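The values are calculated or read from the model by the stated rules, or taken from the named source; none is laboratory data. What you are looking at is a predicted structure, and each value in this text was computed from that prediction instead of being measured. Note that each Cβ is placed from the backbone with ideal geometry, even for glycine, and that neighbours are counted across all protein chains shown. To get the accessible areas, we keep the full protein, side chains included, count just its heavy atoms, and leave off ligands, DNA and RNA. Shrake-Rupley method; radii C 1.70, N 1.55, O 1.52, S 1.80 Å.
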Amino acid sequence: MNAHDKAKAISNRKNGGHRISALTAYDYPTARLLDEAGVDMILVGDSLGMVVLGFPDTTHVTLEMMVHHTAAVARGVNKALVIGDMPINSYDTPSQALTTAQALVQAGADVVKLEGGIRQIEKISAIIKSGIPVIGHHGMLPQRVLEEGGYKKKGKTEEESCAIMEGALALQEAGCFAIVLESVVPELAEKITAKLKIPTIGIGCKPKSGQQTCDGEVAVITDLIGSYPWFVPPFAKPQANVAGEISQAVRAYISSI
Ligand code: KIV
């Protein structure tokens, strides 16, 4: 299947009763394992900067880094849709956004993702017009963490909630095939999911009860497998303790030589 058909197949799963799964990967072996396990979408996220490269946030990530890791991931994937994340300062104008999207596709991404709502519409339109599918990213925007003074839940006020809904509708109108919704209050995630014709992929949008509010879910792989113990977001649901396994194996190795 080509990139367009893959993106369309994801989009068509809205209301299909079959939830959409997405995980991040940054290297060949992880991407290959995720693909072989059957995940629908693999995001080469700019969370790369934090959970692989040791930066305090995603604002240090460059296009060169993203291209390098997107190529490694793409080499490991046969079936899943590969999403290349556009890093901060790589889509300041429509023409820069297009050049960045083309570089990520050249590296092996099927589609690209960029952060923001209404103010990104011109850039998203330029990318889609060139034939590259786009997945939006709205709600809490990690690339704005410094301006915002931290990672804050979004949609708590009526004004913020309306602005996010408006942005989500604009992303749909611009032609995005799906939207990542990050850390918005569950009621708003549910409302957006009900209103949009394209799927919402949530992260940090569920209530404490765990009830689903989006059409699919994306997680950072290190949160899922417990391989980055120094920072675990409150909404993470680790299914393994890889950090513990590594420590144990290394201690066993040291005492065995
Ligand atoms: O970079 C990333 O991993 C992301 C997810 C949090 C959606 O954008």
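Matching residues to (1) in a helix (DSSP H, G or I); (2) crowded, with 23+ Cβ neighbours inside 10 Å; (3) among the basic types (Lys, Arg); (4) within 13 Å of the ligand (Cβ to nearest atom):
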position: GLY16; (1), (2), (3), (4): no, no, no, no
position: LEU23; (1), (2), (3), (4): no, yes, no, yes
position: TYR26; (1), (2), (3), (4): no, yes, no, yes
position: PRO29; (1), (2), (3), (4): yes, no, no, no
position: ASP35; (1), (2), (3), (4): yes, no, no, no
position: ILE42; (1), (2), (3), (4): no, yes, no, yes
position: LEU53; (1), (2), (3), (4): no, no, no, yes
position: PRO56; (1), (2), (3), (4): no, no, no, no
position: THR59; (1), (2), (3), (4): yes, no, no, yes
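Listed by first and then second residue, the pairs with beta-carbon distance under 8 Å, at least 6 apart or on different chains, first residue in region 241-257 and among the polar types (S, T, N, Q), second open to solvent by less than 90 Å² (accessible area, probe 1.4 Å), are ASN241/GLY226. Give the residue that is farthest from ASP40 (Cα to Cα), with candidates limited to residues of region 61-80 that are of a type in the set (D, E, K, R) and part of a helix (DSSP H, G or I). Top of the filtered list is GLU64.
If you go through region 109-150 and keep only what is open to solvent by 60 Å² or more (accessible area, probe 1.4 Å) and in contact with a Pro (Cβ under 7 Å, 6 or more places away or on another chain), you end up with just GLU122. Scanning region 162-178 finds one or more residues that are open to solvent by less than 20 Å² (accessible area, probe 1.4 Å) and farther than 20 Å from VAL112 by Cβ. Scanning region 220-236 for residues that are out of contact with any Phe, Trp or Tyr (no Cβ under 9 Å at 6 or more places or on another chain) and surrounded by 11 or more Cβ atoms within 10 Å (Cβ to Cβ) yields LEU224, ILE225, GLY226, SER227, TYR228, PRO229, PHE231, VAL232, PHE235, ALA236.
Could we say that VAL73 is under 18 Å from the mean Cα position of the chain (by Cα) and open to solvent by 50 Å² or more (accessible area, probe 1.4 Å) here?
Details: under 18 Å from the mean Cα position of the chain (by Cα): yes; open to solvent by 50 Å² or more (accessible area, probe 1.4 Å): no.
Considered against the rule, which asks whether it is under 18 Å from the mean Cα position of the chain (by Cα) and open to solvent by 50 Å² or more (accessible area, probe 1.4 Å), VAL73 comes out as no.
Considering (1) under 22 Å from GLY117 (Cβ atoms); (2) of a type in the set (A, V, I, L, M); (3) touching a Lys or Arg at 6+ places or on another chain (Cβ under 8 Å), the lone condition that ILE203 does not fulfil carries the number (3). Being in contact with a strand residue (DSSP E or B) (Cβ under 9 Å, 6 or more places away or on another chain), modelled with pLDDT of 95 or more and assigned to a strand (DSSP E or B) holds for only one residue in ILE83, ILE88, and it is ILE83. Flag set for SER90, criterion: surrounded by fewer than 24 Cβ atoms within 10 Å (Cβ to Cβ), within 14 Å of the ligand (Cβ to nearest atom), under 18 Å from the mean Cα position of the chain (by Cα) and farther than 17 Å from ILE179 by Cα. The single residue among GLY167, GLY139, GLY84, GLY175 that is in contact (Cβ under 8 Å) with a residue 24 or more places away in the chain and closer than 15 Å to MET66 by Cβ turns out to be GLY84. Can you find a residue that is more than 20 Å from MET1 (Cβ to Cβ) and either assigned to a helix (DSSP H, G or I) or away from the ligand (no atom under 14 Å from the Cβ) (or both) anywhere in region 101-111? The answer is yes; a qualifying residue exists.
Here region 198-229 is the region considered, the condition is being of a type in the set (S, T, N, Q) and over 13 Å from the mean Cα position of the chain (by Cα), and the residue that is nearest to the ligand (Cβ to nearest atom) is THR222.
Pairing each residue of region 198-210 that is open to solvent by 30 Å² or more (accessible area, probe 1.4 Å) with any residue that is within 16 Å of the ligand (Cβ to nearest atom) and part of a loop (DSSP other than H, G, I, E, B), provided the two are 6+ apart or on different chains, yields C-beta distances under 6 Å for LYS206/THR213.
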